[in-house]
């Protein structure tokens with residue numbers, strides 16, 4: 001059976017280089033209630049991730065079929081797509097064909113990294129007020145931490161922390177690595193365990209390589225909300241940063257987050273002072289093709305702002321409300337909402353023009 005499974009996996013790996021799942025979806029967008037039709041071309045989780053965030057209620061699946069990826073440019077160029085937007089997640093090898101055809105191009109994930117200064121007080125000044133308040137929760141509940149290389153602690157972390165926490169946080173999008181994969185990482189790293197009264201209540205699997213501390217996986221004991229309320233999850237980040245300062249580590253790598261800016265994981269890491277950088281291990285590019293009215297495009301990206309790659313670095317694509325002008329006041333409001341270290345500016349869509357307007361961010365501190 002294992003041989004057959006390996007053969008199937010090999011065939012699938014080869015097939016997805018050339019064939020993708022195409023799904024036409026229609027429903028009413030959240031907030032506006034407008035009908036919006038979208039085509040996903042992918043062998044990824046982007047559609048499953050986006051649909052609950054886009055639509056009010058259950059959208060209709062209009063059609064499903066497999067598509068020969070090399071034929072997609074022809075389909076796009078002859079205007080045979082009766083949709084408002086097409087999102088195609090395609091292998092890296094297709095980039096020369098598609099980067100000149102799409103409206104925007106990005107990655108499924110961005111990476112978020114905290115630059116660690118040499119002194120704790122300097123680092124605290126870079127944090128949002130919520131992470132800064134973690135110290136009070138730590139003192140209130142007597143939380144401490146320890147670093148472990150014990151195999152029994154890894155067993156506890158995996159089964160009692162990582163698996164339940166990941167399932168609760170990500171639902172049907174949860175990716176649960178086999179324990180053997182965790183063991184491989186653990187062999188090169190360690191666990192940071194947050195304890196209350198000597199009992200572990202949260203933790204993370206970490207690696208340390210020269211001047212970089214990498215946060216690989218997180219867990220909370222039995223995914224119990226009581227431990228989160230005590231600050232267990234926040235304390236993992238807090239103690240990790242303390243450890244980085246103590247050991248003169250220069251960067252705390254928080255790994256990947258979805259590229260959509262309303263993603264909770266992205267926002268949480270941002271509050272810890274993370275810089276947004278491109279994914280350095282991508283398997284695909286995400287291409288956005290606007291095929292409907294400017295109003296529909298602006299509406300989608302206003303509700304689902306996303307980081308894309310431009311000639312001038314990473315920028316945020318967003319949209320204006322119908323009839324709104326990009327005034328200095330609106331520009332200031334959008335900058336306040338979306339600015340993050342590592343992002344160079346905005347690409348703004350409006351209902352009155354199919355041509356976006358690019359706005360550069362003025363460099364500033366993230367949190368006053």
Exercise for the section: Answer yes or no: is there a residue in segment 165-184 that is surrounded by 13 or more Cβ atoms within 10 Å (Cβ to Cβ), under 24 Å from residue 211 (Cα atoms) and in contact with a strand residue (DSSP E or B) (Cβ under 8 Å, 6 or more places away or on another chain). Expected result: yes
Exercise for the section: Take residue 154 and decide whether it is outside any helix (DSSP H, G or I) and either over 30 Å from residue 50 (Cα atoms) or touching a strand residue (DSSP E or B) at 6+ places or on another chain (Cβ under 6 Å) (or both). Expected result: no
Practice task
Scan segment 220-240 and give yes if some residue there is part of a strand (DSSP E or B) and either in contact with a helix residue (DSSP H, G or I) (Cβ under 7 Å, 6 or more places away or on another chain) or closer than 18 Å to residue 272 by Cβ (or both), otherwise no.
Solution key: yes
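For the structure I just gave you, tell me whether residue 242 is under 30 Å from residue 196 (Cβ atoms), surrounded by fewer than 19 Cβ atoms within 10 Å (Cβ to Cβ) and not assigned by TED's automatic domain parsing to the domain that holds residue 83.
Details: under 30 Å from residue 196 (Cβ atoms): yes; surrounded by fewer than 19 Cβ atoms within 10 Å (Cβ to Cβ): yes; not assigned by TED's automatic domain parsing to the domain that holds residue 83: yes.
Yes: the conditions hold for residue 242.
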Practice task
Quick one: count up the residues across segment 167-191 that are in contact with a helix residue (DSSP H, G or I) (Cβ under 9 Å, 6 or more places away or on another chain) and within 12 Å of residue 205 (Cβ to Cβ).
Solution key: 6
Problem - Residue list for segment 70-92, filter: assigned to a helix (DSSP H, G or I) and at pLDDT 95 or above - result: 92
Practice task
Could you please let me know if residue 194 is crowded, with 19+ Cβ neighbours inside 10 Å and either under 18 Å from residue 247 (Cα atoms) or assigned by TED's automatic domain parsing to the domain that holds residue 154 (or both)?
Solution key: yes
Problem - Test: residue 253 is outside any strand (DSSP E or B) and either over 30 Å from residue 93 (Cα atoms) or in contact with a strand residue (DSSP E or B) (Cβ under 8 Å, 6 or more places away or on another chain) (or both) - result: no
Practice task
Could you grab me the full set of residues in segment 108-126 that are closer than 24 Å to residue 278 by Cβ and loosely packed, with under 14 Cβ neighbours inside 10 Å?
Solution key: 115
Practice task
Taking residue 129 as the residue in question, decide whether it is touching a residue at least 60 places away in the same chain (Cβ under 8 Å), loosely packed, with under 15 Cβ neighbours inside 10 Å and either closer than 17 Å to residue 227 by Cβ or under 27 Å from the mean Cα position of the chain (by Cα) (or both).
Solution key: yes
Handout entry: Search result, residues across segment 294-337 that are out of contact with any helix residue (DSSP H, G or I) (no Cβ under 9 Å at 6 or more places or on another chain), under 22 Å from residue 72 (Cβ atoms) and not in a strand (DSSP E or B)
Key = 296, 297, 301
Completion exercise
Exactly one of 59, 117, 73 is in contact with a helix residue (DSSP H, G or I) (Cβ under 7 Å, 6 or more places away or on another chain) and closer than 21 Å to residue 171 by Cα, and that one is 59
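The values are calculated or read from the model by the stated rules, or taken from the named source; none is laboratory data. What you are looking at is a predicted structure, and each value in this text was computed from that prediction instead of being measured. Quick reminder, even Gly has a Cβ in these numbers, built from the backbone with ideal geometry, and neighbours come from all protein chains shown.
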